[in-house]
Amino acid sequence: MNFKAAQFESFCTHPDSAVKCVVLFGPNEGEIATLLEKCVKSICGDINDSFNFAQLDMDTISKDGGEIYAEFHAQSLMGGRRVIVVKHADNTLAPFLKEMLPDSPSENLLVLTSSTMNTKSSLITWAKDRTDIITVGCYEDRETDIAHDTARMLEEKGLITDPQTMQFLCARLSPDRKVNQGEIDKLAMYMDKNNIVTTEDVKAVISDVAGANFEDLCYYTADGEVRKACNIFNRLLYEGEEPATVIRQISYHFSKLLDSVAQLESGKTADQVIQGMHPQLMFYRKDSYKKQLQIWHKEQLLAALSVLYDCERDCKTTGMPADLCAEHTIMRLAGGAQKLRMRR
């Protein structure tokens, strides 16, 4: 049976004894760890209870799977259902499990965890159609998942924050739940006895683990932050982004500014323009965007877009190194913005 994370959490609340095996797989190791902990607690209560809990690693398991067989069929000296966890599981277990699980009289639960298997793995394709096995794919959290999990982690630590600070916090967090848990733990230690978290607290403690992002680069460029813009650009290159793609994202931002300036010329205020934008700007971007509307006028934006279009073309068609071409353009635009800002 293929379950989503929410379905599996419901299973953990009321475990079905007919389920003999659970497979938690996918790249989100944080979610795997969270679901594993809930599963173990729901079955045997305490991960430190050696009578009802056992953990194996693929590196210690022989080809015939004897270690798993022995643990899976062992009875607890204290009574109750046991949980046997195999970490870093892989497809080599498929033949063994196909032979062991269907006719096994054991009432214990076998839990396999793997960050390398996917929906096309032979073990997963076999397991997903069985009623005695649950498979759960754990993938990178979406923004809504990050917000939900962050709110839960803050509540567990007794921390309170307002919507704007929560939005800022989530923007700095990673798609990996495990990484985010560590960041929230650091925040809780920093806050000590004070439980009201502010944006300044987040800035002081939470590193930007979400990685380099295009939005930061666009804002640093249009704000005239030359050094920061170049640093972000180089981080994006390091993370595998193509120079032409980076330049195209900056073009989108300047096109958005041009559209906003046109609305200002039609009689709208900057606040009205920002309020009517879709998607809405993050709250901590609004002041910066408003300043950009003050320093960039129509003619300058058109000139900037022309430079960006030329740069994207050159990145794709000329023999000039694309990274140097893009970095030169970013420095040129950010430097221009810096001069414009000084004049206003």
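Structural remarks
- Scanning the range 1-48 for residues that are aliphatic (A, V, I, L, M), over 20 Å from THR116 (Cβ atoms) and in contact with a Leu (Cβ under 8 Å, 6 or more places away or on another chain) gives VAL19, ILE43.
- Long-range neighbours under 6 Å by Cβ, at least six apart or interchain, first residue touching a residue at least 24 places away in the same chain (Cβ under 8 Å) and under 21 Å from SER106 (Cα atoms) within the range 9-30, second acidic (Asp, Glu) and not in a loop (DSSP other than H, G, I, E, B): none
- Once the range 254-274 is narrowed to residues that are of a type in the set (Gly, Ala, Ser) and in a helix (DSSP H, G or I), the residue that is farthest from the chain's Cα centre (by Cα) is ALA262.
- Some residue of the range 90-108 being within 25 Å of the chain's Cα centre (by Cα), in a loop (DSSP other than H, G, I, E, B) and within 19 Å of MET58 (Cα to Cα): yes
- All positions within the range 235-253 that are assigned to a helix (DSSP H, G or I) and touching a residue at least 60 places away in the same chain (Cβ under 8 Å): LEU237, PRO243, ALA244, VAL246, ILE247, ARG248, ILE250, SER251
Table: residues versus (1) more than 24 Å from LEU301 (Cα to Cα); (2) among the β-branched types (Val, Ile, Thr); (3) in contact with a Leu (Cβ under 7 Å, 6 or more places away or on another chain).
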site	(1), (2), (3)
LEU169	yes, no, no
GLU225	no, no, no
ASN231	no, no, no
VAL246	no, yes, yes
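- Elements of type helices (runs of 4 or more DSSP H) in the range 118-201, at least 1 residues being more than 18 Å from PHE25 (Cα to Cα) and within 15 Å of the chain's Cα centre (by Cα): 143-156, 163-172, 177-191
- Within the range 1-37, the residues that satisfy the criterion of being under 18 Å from ALA94 (Cβ atoms), surrounded by 16 or more Cβ atoms within 10 Å (Cβ to Cβ) and not aliphatic (A, V, I, L, M) are LYS20, CYS21, PHE25, GLY26.
- Members of the range 80-109 that are touching a strand residue (DSSP E or B) at 6+ places or on another chain (Cβ under 9 Å) and of a type in the set (D, E, K, R): ARG81, ARG82, LYS87, ASP90
- Within this structure, SER42 passes the test of being over 22 Å from LEU123 (Cβ atoms), in a helix (DSSP H, G or I), touching a Pro at 6+ places or on another chain (Cβ under 7 Å) and at pLDDT below 90.
- Odd one out for LEU173 among (1) under 26 Å from GLN280 (Cα atoms); (2) out of contact with any Ser or Thr (no Cβ under 9 Å at 6 or more places or on another chain): (2)
- The single condition among (1) among the small types (Gly, Ala, Ser); (2) surrounded by fewer than 13 Cβ atoms within 10 Å (Cβ to Cβ); (3) part of a loop (DSSP other than H, G, I, E, B) that ALA70 does not meet is (3).
- Residue check, LEU258 among the hydrophobic types (A, V, I, L, M, F, W, C), in the same structural domain as THR329 (by TED's automatic domain parsing) and farther than 24 Å from MET166 by Cβ: yes
- Whichever residue in the range 1-25 is touching a strand residue (DSSP E or B) at 6+ places or on another chain (Cβ under 8 Å) and modelled with pLDDT under 85 and, among such residues, is nearest to ILE124 (Cα to Cα): LYS4
- Residue in the range 45-80 that is modelled with the highest pLDDT, counting only those that are more than 17 Å from MET100 (Cβ to Cβ) and touching a helix residue (DSSP H, G or I) at 6+ places or on another chain (Cβ under 6 Å): PHE53
The values are calculated or read from the model by the stated rules, or taken from the named source; none is laboratory data. The shown structure was predicted, so the numbers you read here are calculated from the model rather than taken from an experiment. Using ideal geometry, Cβ is built from the backbone for each residue, glycine included, and neighbour counts are taken over all protein chains shown.
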